[in-house]
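Colleague: Once you've had a glance at the structure underneath, I'll fire off some questions.
Nothing in this text is a laboratory measurement; each read-out follows from the coordinates by a stated rule. As the structure is a computational prediction, the values presented were derived from the model and not from experiment. Note that each Cβ is placed from the backbone with ideal geometry, even for glycine, and that neighbours are counted across all protein chains shown.
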Amino acid sequence: MFRRRPRVKCFHAEQSAGAYAGRADLGYRLVPVDRIVGSVGRCHELDARFQPLSLTRARRQRLERIRRLVDQGAILPP
């Protein structure tokens, strides 16, 4: 029996449901990782632990490039 893995919350779906009233630029802020519960653009690709639901060859290569950059101390865009 297959069970669907829980996914992260989709920001736009939550916004449409009235969960968020507006938007304001507050600049850059540190956010504790355990406070992050959703995604703006990739919610359909990630499970609730922010792991990819499926890994294509291209996606594996992308994740490996990101992993290398993080290991090198690079600052990545949000």
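Colleague: Quick one: which residue in Leu55, Leu26 is without any contact (Cβ under 8 Å) to a residue 24 or more places away in the chain, surrounded by 10 or more Cβ atoms within 10 Å (Cβ to Cβ) and farther than 11 Å from Val8 by Cβ? Step through it out loud before you land on a result.
Modeller: Working: Leu26 fails: surrounded by 10 or more Cβ atoms within 10 Å (Cβ to Cβ).
Criteria check complete, one pass: Leu55.
Colleague: Now for a different question. For Pro77, which of the numbered conditions (1) over 24 Å from Pro6 (Cα atoms); (2) of a type outside the set (Phe, Trp, Tyr); (3) surrounded by 10 or more Cβ atoms within 10 Å (Cβ to Cβ) fails to hold?
Modeller: All conditions pass for Pro77, except number (3).
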